[in-house]
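Structure record follows, encoded as structure tokens.
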Amino acid sequence: MAFQKWIAIAFLSAAAGFALAAPKPAAPVEIDIPFQKFTLDNGLTLIVHEDHKAPIAAVNVWYHVGSKNENPARPASRTCSST
């Protein structure tokens, strides 16, 4: 019985030691990406980020269309109706 008691104490001590020695999660890193934002006369929003580390040019075009962008007072016209 005494041997089992010592085994339990040793196990609990080791578990407590591992719990205290466990690495803590790192704090979130703030990322700062410099950019310029323009809105053209036609409503187009342009976001420009320049990075001269590599000779690469990339263009992303995002369209804000779909049901979440519709005006509830003016339902979309149905172009696929069979009437």
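The values are calculated or read from the model by the stated rules, or taken from the named source; none is laboratory data. Computed from a predicted model, the values in this text were never measured in an experiment. No Cβ is skipped: glycine too gets one built from the backbone with ideal geometry, and neighbour counts run over all protein chains shown.
Annotation note: Cβ proximity below 6 Å between a residue of the range 24-35 that is loosely packed, with under 10 Cβ neighbours inside 10 Å and a residue that is assigned to a loop (DSSP other than H, G, I, E, B) (sequence gap 6+ or interchain) occurs for PHE35/HIS49. Please count how many residues of the range 8-44 are of a type outside the set (Phe, Trp, Tyr) and modelled with pLDDT of 75 or more. Residues in the range 8-44 being of a type outside the set (Phe, Trp, Tyr) and modelled with pLDDT of 75 or more: 20 in total.
Applying the set (1) surrounded by 10 or more Cβ atoms within 10 Å (Cβ to Cβ); (2) modelled with pLDDT under 75; (3) not aromatic (Phe, Trp, Tyr) to PRO72 leaves exactly one unmet item: (1).
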